[in-house]
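The values are calculated or read from the model by the stated rules, or taken from the named source; none is laboratory data. Not measured: the values here are computed from a predicted model. Backbone-built Cβ (ideal geometry, glycine too); neighbour counts: all protein chains shown. All accessible areas refer to the heavy atoms of the entire protein, side chains included, with ligands and DNA or RNA removed. Shrake-Rupley method; radii C 1.70, N 1.55, O 1.52, S 1.80 Å.
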Amino acid sequence: MVTDHRKLPRRRGEALNAAIFQATLDELAEAGYAGLTMERVAERAKASKASLYRRWPTRIELVMDAVYSSLPVPGAAPDTGNLRDDLVAMLRMTSEALSGPAGEAMRGLLGEALSSGSPLRALRKDSQSTSRRLMAEVVGRAVERGEVAPEAVTPRRLDAGFALLRHHFLFEGSPVPDELVVAIVDEVLVPLFKPS
């Protein structure tokens, strides 16, 4: 039975976006990226298809926004008091997110973006920007504590941990083993930021 969205209380702005994002993530978990349709998301969110298409003209754009709304953001990075434990906790958070609907969406988005071209740039830019800001937050606190020299913080070093995590996720699948998260931190990140 299709819900008549016109008879439901009207939501706007952030409340409507939150309902649509949650519906998108739920649909990804249930049907996967290939089975996700704008119609099913609208039905699940109890919103009109027109409200979805006004905000997100394509499925790629909707899924990208829904996924990024569910991932850790700068300001949410762990603060355990030392660089190594912060890095392990942050990569674990990301690994857990990739094991759910966000991971399913990322695989589907990459497949679709590779075939259509232009959205891949936005996906790459958003992913790298958010990851780099999270890493910069964690490493910046380590600099303030005197654990890391400021000159050790470079864009490539900030990208390294998430790049390795994404590589494993894309080519080996999920879940990402916790041993790999710890190895990325101990074998790559800590030596990059705290060279002997």
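Just a few scattered comments:
- Only residues that are among the small types (Gly, Ala, Ser) and open to solvent by 40 Å² or more (accessible area, probe 1.4 Å) were counted in region 14-30, giving 3.
- Residue within region 152-169 that is more than 12 Å from Ser95 (Cα to Cα), under 23 Å from the mean Cα position of the chain (by Cα) and of a type in the set (S, T, N, Q) present: yes
- Evaluating Pro74 against the criteria (1) modelled with pLDDT under 90; (2) in contact with a Lys or Arg (Cβ under 7 Å, 6 or more places away or on another chain); (3) not in a loop (DSSP other than H, G, I, E, B); (4) not aliphatic (A, V, I, L, M) leaves one unmet condition, (3).
- Residue within region 5-21 that is touching a Phe, Trp or Tyr at 6+ places or on another chain (Cβ under 9 Å), modelled with pLDDT of 90 or more, among the aliphatic types (A, V, I, L, M) and assigned to a helix (DSSP H, G or I) present: yes
- Residues that are surrounded by fewer than 20 Cβ atoms within 10 Å (Cβ to Cβ) and part of a loop (DSSP other than H, G, I, E, B), drawn from region 36-55: Thr37, Lys46, Ser48
- Residues satisfying the criterion are present in region 59-79 (criterion: closer than 22 Å to Pro177 by Cα, small (Gly, Ala, Ser) and touching a Phe, Trp or Tyr at 6+ places or on another chain (Cβ under 9 Å)).
- Among the conditions (1) modelled with pLDDT of 90 or more; (2) of a type outside the set (A, V, I, L, M); (3) assigned to a helix (DSSP H, G or I); (4) over 30 Å from Arg141 (Cβ atoms), the only one that Tyr33 does not satisfy is (1).
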